[in-house]
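Engineer: Input: one structure, supplied below.
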Protein chains: 2
Amino acid sequence: MNNALDRGSSLHAVSFTKLGKHIVRMTPDGRLHALDVLAALGVRHIENVQAYLAEHGVSCGFYDFGEDHGEETVAWQDVTLLAFALKTTDAKRWRERAQAMLTGYLSGDVTLAAEIAERNPDSERRRWLSARLESAEARKRFMSTVAKHGGEGDVFRLVSSLSNRSVLNMNSAAFRRERGVRDTRDGMTAAELMRLTYLETASAQAIEAHAARGNDEILALHRKNVDNERKVWATALGQAS
Amino acid sequence: MNNALDRGSSLHAVSFTKLGKHIVRMTPDGRLHALDVLAALGVRHIENVQAYLAEHGVSCGFYDFGEDHGEETVAWQDVTLLAFALKTTDAKRWRERAQAMLTGYLSGDVTLAAEIAERNPDSERRRWLSARLESAEARKRFMSTVAKHGGEGDVFRLVSSLSNRSVLNMNSAAFRRERGVRDTRDGMTAAELMRLTYLETASAQAIEAHAARGNDEILALHRKNVDNERKVWATALGQAS
């Protein structure tokens, strides 16, 4: 495996990922060396990789990992397909892990969340996750401040929609459609998430500092913050404000 | 469901969680109302809940949700067991989600990580995740600074082990045994993670500020930081230093 890297690295970018204890070669666009994947799933000595994959409903791509010829690649989704199709002990172990993951998901297991995040090779995406978590916490604190200061009924929906509209330049439903996501925050960039965190933290603080009471005072303070934050950002983007 | 809450909330603490679109009652120790779970999995009109669960290998507990008698409860793990045992469309949908989760896990899907974190009702645990992610990023930046300043070979293991030993008061292997975790960071508290982040960020900065070159200079600076940080913490804990 190191040989493949040494010989090919200057010509053919290859990175590595792990499947259990197995090291798997990866292409720059995140596809995986099919034979490495099969080995990790306990399948060896396959003569015709492409035919073997096709038998299991997986169609492969090709990439030159440094052997001067294209070698079969599969996507992460295909790894799951194979894990659920193959009869090997390794495949069975991954099916059991998938089952355990459902429990981890349902119970909100933060160590599972950390493990997933650390599998992402892109530090920008990991940073995005931190921004996403931050913004969700800031929203929760903001809502609890609104409630503590006598906000009730529609005000929770109104303040959120003011924040979202200001940062996204449209309402959440239109934004979700435009970016093709089910969850508004999933479609936001790290910068948009940061603005949201900043804005709602500032508004929570303003509500406390001014000892605001009731929907009208809360909304007035938040509106003022929204306007001012938008001016900062317009300047940051080099627009006249 | 609201009735149960209204009538019972003062006597019997009940919180709520979601299984897909279904709302499920939850006990203070995180067990779930069995009939709510079964309804979410597409099973209704069960006469003997306990017998039905037993048939599927699930043993239940009991909790008074406000109906003045104990009602059957199950754990999150049992939800997964049922999802994998039942023939309903809803159960099948959860099995498909478990399969998709494996793909999300393998590919390091940060939106899945966020979704999991947000299912955790405990804000302390969500904060722990942020501290965990921060410390992993700080470690990566530290290591890359060490490499940029001519660190090589053993130094990477040595600096990490200095940080860990200083914060944990023992080596990582002993620590993992003591707290019963496979991954060192999983066993650390948010405060321990924060100390690690702080320490390694400070050392990376020191290496740059002093333009250190090579293993010896890097280790000397990190050792100095480790000693000083330990003094801060000893004082923070009210110990003589």
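Engineer: Please name which of A:Ala39, A:Ser161, B:Thr111 has its Cα lying farthest along the dipole of the protein assembly as shown towards the positive end, using unit charges on Cβ (Lys, Arg +1; Asp, Glu -1) and the Cα centre as origin.
Structural biologist: It is A:Ser161, whose Cα lies furthest towards the positive end.
Engineer: How big is the charge dipole of the range A:129-241 about its Cα centre, in debye rounded to the nearest 20, if each Lys and Arg gets +1 on its Cβ and each Asp and Glu gets -1 on its Cβ?
Structural biologist: For this selection, approximately 240 debye.
Engineer: Å³ per residue of the Cα convex hull, for the range B:123-240?
Structural biologist: 107
Engineer: Also: Normalised radius of gyration for the protein assembly as shown, please: alpha carbon Rg relative to 2.2 N^0.38 Å, two decimal places.
Structural biologist: 1.13
Engineer: Using the Cα atoms of the range A:1-156 to build a convex hull, what is its mean projected area in square nanometres?
Structural biologist: With every direction weighted equally, the projected area is 12.8 nm².
Engineer: Now, a different point. Separation between the A:Gln50 and A:Phe16 pseudo-spin-labels, each 7 Å from Cα along Cα→Cβ, expressed in nm?
Structural biologist: 2.9
Engineer: For the pairing of chain B with chain A, what total accessible surface becomes buried, with a 1.4 angstrom probe, in square angstrom to the nearest 100?
Structural biologist: 4500
Engineer: Would you count, across the range B:1-147, every pair of lysines whose alpha carbons are under 25 angstrom apart, provided the pair is eight or more residues apart or spans two chains?
Structural biologist: Count of close lysine pairs: 4.
Engineer: Ok, one more. Taking each label point as 7 Å beyond Cα in the direction of the beta carbon, state the distances from A:Lys92 to the same residue in the other copies, shortest first, in nm.
Structural biologist: So the distances to the same position in the other copies read 2.6 nm.
Engineer: Students often get this wrong: which residues of the range B:129-157 have the backbone nitrogen under 11 Å from the point 7 angstrom along Cα-to-C-beta of B:Glu217?
Structural biologist: B:149-151
Engineer: Suppose you put the label 7 Å out from Cα in the Cβ direction; list, shortest first and in nm with one decimal, how far B:Ser15 is from each other copy's label.
Structural biologist: Values, ascending and in nm: 3.6.
Engineer: Under a 10 Å cutoff between Cα atoms, tell me which one of B:Asn48, B:Asn164, B:Asn215 has the largest fluctuation in the Gaussian network model of chain B.
Structural biologist: Largest GNM mean-square fluctuation: B:Asn48.
Engineer: Mind telling me which of A:Ser15, A:Ser107, A:Ser135 comes out most flexible in a GNM of chain A, alpha-carbon contacts under 10 Å?
Structural biologist: Residue with maximal mean-square fluctuation among A:Ser15, A:Ser107, A:Ser135: A:Ser107.
Engineer: Let me ask something additional. May I ask which residue of A:Val181, B:Ser172, A:Asn228 lies farthest towards the positive end of the charge dipole of the protein assembly as shown, with charges of +1 (Lys, Arg) and -1 (Asp, Glu) on Cβ and the Cα centre as origin?
Structural biologist: Among A:Val181, B:Ser172, A:Asn228, the one farthest towards the positive end of the dipole of the protein assembly as shown is A:Asn228.
Engineer: Calculate, for A:Met170 and A:Lys140, the FRET efficiency according to 1/(1 + (r/R0)^6) with r their C-beta to C-beta distance and R0 25 Å; round to the nearest 0.05.
Structural biologist: The pair A:Met170/A:Lys140 has a calculated efficiency of 0.60.
Engineer: Still on this structure, I have one more. Suppose every K and R has +1 on its Cβ and every D and E has -1 on its Cβ; what is the size of the dipole of chain B about the Cα centre, in Debye to the nearest 20?
Structural biologist: It works out to roughly 800 debye.
Engineer: Helix by helix through chain A, keep the DSSP H runs that span 15 Å or more along the axis on Cα and average at least -0.5 on Kyte-Doolittle, and give those back in order.
Structural biologist: Taking the DSSP H segments of chain A (at least 15 Å long, mean hydropathy at least -0.5), we get A:155-168, A:190-209.
Engineer: Towards the positive end of the charge dipole of chain B, with charges on Cβ (+1 Lys, Arg; -1 Asp, Glu), say which of B:Gly30, B:Ala209, B:Leu237 has the farthest Cα.
Structural biologist: Checked the options; the winner is B:Ala209.
Engineer: Could you tell me the convex hull volume per residue, in Å³, taken over the Cα atoms of the range A:42-110?
Structural biologist: 116
Engineer: Taking a point 7 Å out from Cα toward Cβ as the label site, list the nm distances between B:Lys231 and the same residue in every other copy, smallest first.
Structural biologist: Ordered by distance, the counterparts are at 4.7 nm.
Engineer: Give me the inter-chain shielding for B:92-101: mean count of other chain Cβ atoms within 10 Å, whole number please.
Structural biologist: Other-chain Cβ atoms within 10 Å of each residue's Cβ, averaged: 5.
Engineer: Report, in debye and to the nearest 20, how large the dipole of the range B:97-193 comes out about its Cα centre when Lys and Arg carry +1 and Asp and Glu carry -1 on their Cβ.
Structural biologist: Dipole size: approximately 140 debye.
Engineer: Please report the spacing between the Cα centers of the range A:169-241 and the range B:163-192 in Å, no decimals.
Structural biologist: Rounded to whole Å, the Cα centres lie 39 Å apart.
Engineer: Ok, one more. Whenever you get a sec, compute what percent of the accessible area on chain A sits on carbon and sulfur atoms (1.4 Å probe).
Structural biologist: Carbon plus sulfur share of accessible area: 50 percent.
The values are calculated or read from the model by the stated rules, or taken from the named source; none is laboratory data. Keep in mind the model is a prediction, meaning the values are calculated, not measured. Cβ atoms come from the backbone with ideal geometry, glycine included; neighbour counts cover every protein chain shown. Note: areas computed on protein heavy atoms with side chains; ligands, DNA, RNA excluded. Shrake-Rupley method; radii C 1.70, N 1.55, O 1.52, S 1.80 Å.
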